[in-house]
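See below for the structure under consideration.
The values are calculated or read from the model by the stated rules, or taken from the named source; none is laboratory data. Bear in mind that the values here come from a model prediction, so they are computed numbers and not experimental data. For neighbour counting, all protein chains shown are included, and Cβ atoms are generated from backbone atoms with ideal geometry for every residue, glycine included.
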Amino acid sequence: MTTPRALAPFLAFPPALRADGFAAAPEQTEAFLAAVGLLGPRSLRDVRLAARAVFGPGPERQGAFDAVFDRVFFGREIAAPMPGESEELPAAFDSAGFEALPDPGETDQSGKQATEAERLARRALDGGSAGEAARRLLRRAARDLPRRRSRRLAPGRGGVADPRRAFRMMLRRDGELTALPTRRRRTRQRRVLLLVDVSGSMKAATDGTLRLAHALVQAGEQVEVFTLGTRLTRITRALAHRDPGAALVHASGLVADWDGGTRLGEALAVFLSVPCFASFTRGAVVIIVSDGLERGGPEALVSAVAHLRRLAWGVLWLSPLASDPAFRPETGAMRAILPLLDRLGDGGSPMAIADEVLGFARHARQR
């Protein structure tokens, strides 16, 4: 029996919630469908309220819950607001205010300059050229990524006394204790947050960067990946697939704003306004791969990067324009955020990006 088209998003919503870490039991699914039937909703706002009442997300996860709802029922990700618009998520998608898509007969000027136009499209990703850089990242990430001290203790020299191990040793040796066992705090990788610019000016570098993002997700302990353009899209779960080809295909289907406009400041502001997303930044290494060609004033981008800097352990900005050792930022936005960055590095090739990511801990220690 074929499922009616109108019922498809209602059946897809609970699995999508579970995939994002929400509790969505079968009984709740039945209650949700029953609540929608009783309400006789006149708009999707009524459906959203019914979903909140049945699944009951906590206040700290309200933003993430609404993002899942928007993805399933509206078929979109969190959109960065246009300049002057409120940062609140709209109740429904409205294409008003966006420039029309270019005529297919026009010459494609992607990569020549920054633009505010939102261009929604599908794209096939091919990260084959980044294979060697990805393998290097996989081999060395566990050793070279920045680490922090954990609260958990493990046996080790030079730490505090371990009385439990001492008593066990005494029981085995008839009360004799030849050496006092100690334990010390473990270390673990710092969380890594990777933000990839997928606007038109970064078109040539997008495929290789996302291939490296897949390697980083596979090698790191806690890695989150988002794409930025005119919208904000989380692609971490797509890149968790072990096969690079399948992961990139899945990721390409999630992102809608390939090779479009550049609204980095607004997209970062949306990221920081969602509590569960902003929590990824605390104590993390934040890596932004972008040329920084922002349209308009730099105020939104400076405010967002300053907020990121207060939360993060370190901020690494990788620009393809920085492949020249004599490079100096020329745009107002990049000059304004330069003092807020721990490092402005070379993002001109997959190997350069891999080297910058792996060497960031060393640069941080030298600083």
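Could you tell me whether segment 286-294 includes any residue that is in a helix (DSSP H, G or I) and touching a strand residue (DSSP E or B) at 6+ places or on another chain (Cβ under 7 Å)? No, the conditions are met nowhere in segment 286-294. For beta carbons closer than 6 Å, sequence separation of 6+ or different chains, a first residue in segment 311-322 that is more than 25 Å from ASP207 (Cα to Cα) and a second that is polar (S, T, N, Q) and surrounded by 21 or more Cβ atoms within 10 Å (Cβ to Cβ), the qualifying pairs are LEU311/THR281; ALA312/THR281. Per the listing ALA300, ALA333, ALA306, the residue uniquely of a type outside the set (Lys, Arg), surrounded by fewer than 18 Cβ atoms within 10 Å (Cβ to Cβ) and in a helix (DSSP H, G or I) is ALA306. For beta carbons closer than 7 Å, sequence separation of 6+ or different chains, a first residue in segment 354-367 that is farther than 16 Å from ALA284 by Cα and a second that is basic (Lys, Arg) and modelled with pLDDT of 90 or more, the qualifying pairs are ALA354/ARG136. Taken together, PHE277, PHE327 contain a single residue that is modelled with pLDDT under 90, farther than 25 Å from ARG147 by Cβ and in contact with a strand residue (DSSP E or B) (Cβ under 9 Å, 6 or more places away or on another chain), which is PHE327.
Here are some residues: LEU264, LEU268. Which one is under 24 Å from PRO59 (Cβ atoms) and crowded, with 18+ Cβ neighbours inside 10 Å?
LEU268
Here GLY253 clears all of (1) surrounded by fewer than 17 Cβ atoms within 10 Å (Cβ to Cβ); (2) under 23 Å from LEU272 (Cβ atoms); (3) over 15 Å from the mean Cα position of the chain (by Cα) except the condition numbered (2).
All told, SER279 falls short of being of a type in the set (S, T, N, Q) and either within 17 Å of ALA213 (Cβ to Cβ) or surrounded by 22 or more Cβ atoms within 10 Å (Cβ to Cβ) (or both). Among the residues of segment 166-209, the ones that are assigned to a helix (DSSP H, G or I) and in the same structural domain as TRP317 (by TED's automatic domain parsing) come to 10 in all.
Return only the number of the condition from (1) over 25 Å from LEU308 (Cα atoms); (2) in contact with a helix residue (DSSP H, G or I) (Cβ under 9 Å, 6 or more places away or on another chain); (3) among the acidic types (Asp, Glu); (4) surrounded by 15 or more Cβ atoms within 10 Å (Cβ to Cβ) that GLU176 does not satisfy. Tallying (1) over 25 Å from LEU308 (Cα atoms); (2) in contact with a helix residue (DSSP H, G or I) (Cβ under 9 Å, 6 or more places away or on another chain); (3) among the acidic types (Asp, Glu); (4) surrounded by 15 or more Cβ atoms within 10 Å (Cβ to Cβ), GLU176 fails exactly one: (4).
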